[in-house]
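Participant: Attaching a single structure in structure tokens format; questions to follow.
The values are calculated or read from the model by the stated rules, or taken from the named source; none is laboratory data. Note that this is a predicted model, so its numbers are computed, not measured. Using ideal geometry, Cβ is built from the backbone for each residue, glycine included, and neighbour counts are taken over all protein chains shown.
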């Protein structure tokens with residue numbers, strides 16, 4: 001029964017999109033001529049040169065953060081080993097003070113890790129806003145050039161003819177107009 005319902009829906013959609021021949025003769029002036037296109041944003045966001053450029057720049061920044069955090073982590077391990085050695089040599093009060101100092105350093109490193117992640121997320125979001133603005137302009141331009149009245153995302157479309165696809169044209173234009181974007185260096189607060 002569900003298969004039958006799906007076919008009925010698809011046939012109705014086809015009639016709606018292409019019109020019935022009898023309806024074409026009786027069309028009223030000013031009626032909207034619906035032209036549909038399909039766009040695969042996931043593919044564009046995965047394959048566009050500019051998105052690859054953003055990922056590469058972010059990876060470079062992540063590697064720098066990772067190296068500095070690794071140095072801090074090694075210093076903490078050394079401090080922890082030194083603290084363990086002092087346990088028997090120090091009075092309980094002195095050891096407790098040393099332990100609190102060590103724990104404060106651990107908290108500082110944890111904050112550094114969290115701040116690094118936030119800073120990376122912020123610069124990525126800012127770069128992607130620029131990409132999205134350009135992408136939206138390209139999509140709008142192609143829609144105007146081809147008289148497209150409705151663009152559906154591929155991920156929410158069940159079935160569509162390949163002839164409706166504009167993904168390749170949008171991707172090509174994005175790669176031409178914006179092959180790269182400068183990702184600001186993240187600032188850790």
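Participant: Please state which of the following conditions residue 172 fails to meet, knowing it meets all the rest: (1) out of contact with any helix residue (DSSP H, G or I) (no Cβ under 9 Å at 6 or more places or on another chain); (2) in contact (Cβ under 8 Å) with a residue 24 or more places away in the chain; (3) not in a loop (DSSP other than H, G, I, E, B).
Facilitator: The one condition residue 172 does not meet is (2).
Participant: Could you list all residues from region 63-87 that are touching a helix residue (DSSP H, G or I) at 6+ places or on another chain (Cβ under 9 Å) and more than 27 Å from residue 115 (Cβ to Cβ)?
Facilitator: Those that are touching a helix residue (DSSP H, G or I) at 6+ places or on another chain (Cβ under 9 Å) and more than 27 Å from residue 115 (Cβ to Cβ): 86, 87.
Participant: Now for a separate question. Taking region 176-189 only, how many residues are surrounded by 12 or more Cβ atoms within 10 Å (Cβ to Cβ) and farther than 24 Å from residue 120 by Cα?
Facilitator: 1
Participant: What helices (runs of 4 or more DSSP H) lie completely within region 1-86 and have 2 or more residues being modelled with pLDDT of 90 or more and surrounded by 10 or more Cβ atoms within 10 Å (Cβ to Cβ)? Give the steps one after another, and end with the answer.
Facilitator: On the way: elements: 2-18, 21-25, 41-47, 49-86.
Answer list for region 1-86: 41-47, 49-86.
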